[in-house]
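Have a look at the structure below before the remarks.
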Amino acid sequence: MSAPDTVLERWLAAAAEVYGGIFAEHTIGERDPFRNPIGHTLRVSLTVLVREFFGAMQPAAIDAAFADIMALRSIQALAVEQAVGFVFGLRGIARATPAMMPADAEARIDKLALSAFQQYLACRERLAELKLNEQLRAFGVARMRAAHNRGSVA
Amino acid sequence: MGPIMSEKPVIDIALKTPKGDWRDPRVDFRKGTFSYASLPKDLSALGLPNPRKWQPTDLDWQLPPDWKRILLDGMKERLEKYRSFRLFMDVCVRCGACADKCHFYLGSGDPKNMPFARAELVRSIYRRYFTLSGKLFGSLAGGRELTEDVVKEWFYYFYQCTECRRCSVYCPFGIDTAEITMIVRELLSLIGVSTHWIMEPAAKSFQVGNHLGIPPHAFKDSLEFAADELRDITGLDIEIPINRKGAEILFVMPSADYFATPHYYTLLGYMMLFHEIGLDFTVSAYASEGGNFGSFHSNDLMKSLNAKIYDEARRLGVKWILGGECGHMWRVLHQYMDTMNGPADFLEMPVSPITGTRFENAASTRMVHICEFTADLIHHDKLKLDPSRNDPYVVTYHDSCNPSRGMGLLEEPRYVLKNACNNFHEMPASTIREYTFCCGSGAGLGNDENMEMRLRGGFPRANAVRHVREEHGVNLLTCICAIDKATLPTLMDYWVPGVQVAGVHEMLGNALVMTGEKERTVNLRGEPLAKGAADA
């Protein structure tokens with residue numbers, strides 16, 4: 001198994017650990033994306049992140065991958081440290097297999113962690129916006145009528 | 001690559017069962033994951049027990065002093081009354097076929113959201129108090145004591161189940177977990193434990209006729225506004241008759257169709273269709289709500305709220321009833337209305353006045369789904385459609401749980417869509433038709449305080465939408481359920497930005513070429529039509 005593949009599998013296991021028990025097993029083992037949407041999302045996004053970890057560390061790719069992961073973990077029954085903590089799990093993986101790792105692995109992990117926190121916060125902020133928009137739609141016809149009446153008066 | 005850091009053990013991932021005992025009923029009412037409690041005014045309006053101010057986060061839920069006796073008596077009564085309930089309590093072998101079928105389990109990973117495990121929360125009480133082995137051996141026979149913490153656990157988990165019945169499709173014994181949820185919610189209602197988002201609309205439906213409590217004159221205003229809009233779009237005067245005695249057909253829709261968006265565009269589509277075919281119909285300001293939030297609470301409340309539909313059909317002297325796009329409304333109409341408030345022997349067998357088709361499938365209820373009616377019109381070539389008007393949309397279809405699994409309405413909406421749209425793509429087979437994933441907000445969970453739980457439950461559906469967005473560029477998710485139309489836009493905004501939500505009859509209205517219409521330049525949302533269509 002190549003270094004990125006090894007890191008991917010170990011990091012995926014670390015990310016799934018918070019779910020505990022049989023669901024962690026399901027998250028790692030079930031490959032059907034529709035029977036295991038959480039595992040699928042984690043695997044796809046972590047594949048990108050591992051590629052960047054060993055590669056160019058492109059901010060856009062890293063942010064997009066963490067956006068998908070944090071969309072999930074920010075609304076699940078996880079404390080912040082549980083939602084984001086798996087990123088630091090990469091440290092343990094790196095320490096266990098130092099020969100495989102980039103020389104500046106520590107600095108790269110720090111950058112990944114910052115992106116993860118940023119995306120986590122962005123997801124939490126979006127919740128407030130979603131609630132507001134849903135309420136606006138719930139009274140959408142009244143708002144249209146009000147706009148229509150204002151137009152008539154004008 | 002280079003050496004870094006000191007050697008330490010790799011993270012040890014232990015795949016083992018969760019810490020603690022599943023029988024421990026304590027739950028964490030984390031904000032964003034539960035619905036607020038019902039208010040005393042609504043319980044009083046409906047004559048329901050134990051009206052008081054409380055919230056699930058309170059330590060003391062102010063249950064009646066004899067709450068335990070009330071629950072056990074209620075269980076006994078229902079075990080005797082509903083053979084299915086006793087059967088569902090007895091026959092589950094915990095095979096696990098349902099385990100990974102629940103959208104809440106797939107989106108949250110909470111083991112108590114595996115359908116058999118959720119049912120086990122009440123099954124353990126059944127064993128303890130209603131079986132000999134449980135009475136003798138208690139927990140050794142899988143029984144649990146009924147405590148206040150169990151009541152709180154029931155509230156938490158049975159108000160996470162959306163009664164979508166996906167698990168029941170996979171159950172080799174045919175256990176309908178939705179019915180278990182319905183009965184547990186009914187038991188909880190006996191001690192005044194219910195949610196505000198269900199009870200307030202139910203009370204308003206009971207007192208005024210619809211969920212928002214819109215009085216008849218405002219109902220009329222809203223429909224007149226729709227007629228004005230249609231005049232702007234089509235150039236035609238479209239009449240929407242209200243309470244017209246002697247009409248052939250009573251049309252019943254969910255109230256969201258006339259106060260919320262995007263539902264409203266579906267209403268415009270219905271009215272264009274009825275005008276074009278010259279349908280002799282009326283709507284009712286009393287039966288101004290097809291939705292039935294009573295069905296999320298108890299059998300008696302569901303029956304009471306449903307009764308007005310037949311009452312109005314009788315008062316207005318119509319021959320049969322046509323129903324709009326709604327989910328649980330159709331669950332109630334299709335599965336329960338005939339036995340609750342029938343027989344509808346004062347109505348006639350529904351026959352399409354345009355095609356002559358007899359809707360034998362509605363022989364007992366005398367109520368036809370709008371998608372059946374429209375598909376029949378298209379099949380008989382009675383409508384002129386220009387699907388290119390919907391060309392800006394790349395469309396997929398979400399089978400709303402109740403019409404699909406509840407009544408088998410799988411082909412008709414697709415038939416309408418494929419005739420009204422040029423760009424249609426199905427989501428993967430394991431996520432549609434009878435296997436459809438729920439929106440995560442049905443059965444009274446669609447409130448904003450429960451947003452995080454809804455987003456968890458809706459994730460499997462959104463994941464399938466994202467797949468067709470990436471594969472085919474889908475930008476419109478269609479459905480035939482009012483709760484879907486209210487909550488899927490939120491789900492899409494969060495999980496799959498760029499995908500809008502619409503009703504099937506909005507697509508039909510866009511495509512419908514009406515006799516005498518002016519040159520159509522905008523769709524029902526007021527957006528410019530596809531260039532080719534507008535030029536034609």
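The values are calculated or read from the model by the stated rules, or taken from the named source; none is laboratory data. Note that the structure is a prediction, hence the values are computed from the model and not measured. Quick reminder, even Gly has a Cβ in these numbers, built from the backbone with ideal geometry, and neighbours come from all protein chains shown.
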**Study point:** Set B:Ile191, B:Ile183: member being crowded, with 17+ Cβ neighbours inside 10 Å, touching a Pro at 6+ places or on another chain (Cβ under 9 Å), over 26 Å from B:Cys479 (Cα atoms) and touching a residue at least 24 places away in the same chain (Cβ under 8 Å)
**Key:** B:Ile191
Check your understanding: Which condition number in (1) farther than 27 Å from B:Phe346 by Cβ; (2) surrounded by fewer than 21 Cβ atoms within 10 Å (Cβ to Cβ); (3) within 26 Å of the chain's Cα centre (by Cα) is the one that B:Met272 fails?
Key -> (2)
Review point. Within the range B:454-470, can you find the residues that are closer than 15 Å to A:Arg73 by Cβ and basic (Lys, Arg)?
Key: B:Arg456
Point to revise | Qualifying positions in the range A:1-59 - at pLDDT 95 or above, surrounded by fewer than 18 Cβ atoms within 10 Å (Cβ to Cβ) and of a type in the set (Ser, Thr, Tyr) | key: A:Thr47
Exercise for review: Kindly list, by first and then second residue, each pair from a residue in the range A:89-102 that is at the interface with another protein chain (Cβ under 7 Å from one of its Cβ atoms) to a residue that is among the basic types (Lys, Arg), limited to pairs with Cβ atoms under 7 Å and residues at least 6 apart or on different chains.
Suggested key: A:Gly92/B:Lys8; A:Ile93/A:Arg10; A:Arg95/B:Lys8; A:Ala96/B:Lys8; A:Pro102/A:Arg108
Study note, to complete from the structure: Here the qualifying pairs (Cβ atoms under 7 Å; residues six or more apart or on different chains; first in the range A:119-145 and more than 9 Å from chain B (Cβ to nearest Cβ); second in a loop (DSSP other than H, G, I, E, B) and not aromatic (Phe, Trp, Tyr)) come out as A:Tyr120/A:Ser74; A:Arg124/A:Ser74
Practice item. Report yes if some residue within the range A:69-81 is touching a Cys at 6+ places or on another chain (Cβ under 6 Å), in contact (Cβ under 8 Å) with a residue 40 or more places away in the chain, more than 9 Å from chain B (Cβ to nearest Cβ) and not in a loop (DSSP other than H, G, I, E, B); otherwise report no. Key: yes
Practice item. Residues being more than 8 Å from chain A (Cβ to nearest Cβ), farther than 23 Å from B:Glu325 by Cα and touching a residue at least 24 places away in the same chain (Cβ under 8 Å): count how many of those fall in the range B:454-502. Key: 8
Practice item. Would you tally the residues in the range B:88-108 being of a type outside the set (Phe, Trp, Tyr) and touching a Gly at 6+ places or on another chain (Cβ under 8 Å)? Key: 3
Review point. Given A:Ala107, A:Ala56, which one is over 16 Å from the mean Cα position of the chain (by Cα), more than 10 Å from chain B (Cβ to nearest Cβ), assigned to a loop (DSSP other than H, G, I, E, B) and not aromatic (Phe, Trp, Tyr)?
Key: A:Ala56
Practice item. State yes or no: is B:Asp228 within 14 Å of chain A (Cβ to nearest Cβ), free of Cβ contacts under 8 Å to residues at least 24 places away in the same chain and not β-branched (Val, Ile, Thr)? Key: yes
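Conditions tested, residue by residue: (1) in contact with a Pro (Cβ under 6 Å, 6 or more places away or on another chain); (2) closer than 16 Å to B:Val332 by Cα; (3) within 14 Å of chain A (Cβ to nearest Cβ); (4) not acidic (Asp, Glu).
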{"position": "B:Asp232", "(1), (2), (3), (4)": "no, no, yes, no"}
{"position": "B:Glu248", "(1), (2), (3), (4)": "no, no, no, no"}
{"position": "B:His263", "(1), (2), (3), (4)": "no, no, yes, yes"}
{"position": "B:Met272", "(1), (2), (3), (4)": "no, no, no, yes"}
{"position": "B:Phe281", "(1), (2), (3), (4)": "no, no, no, yes"}
{"position": "B:Asn299", "(1), (2), (3), (4)": "no, yes, no, yes"}
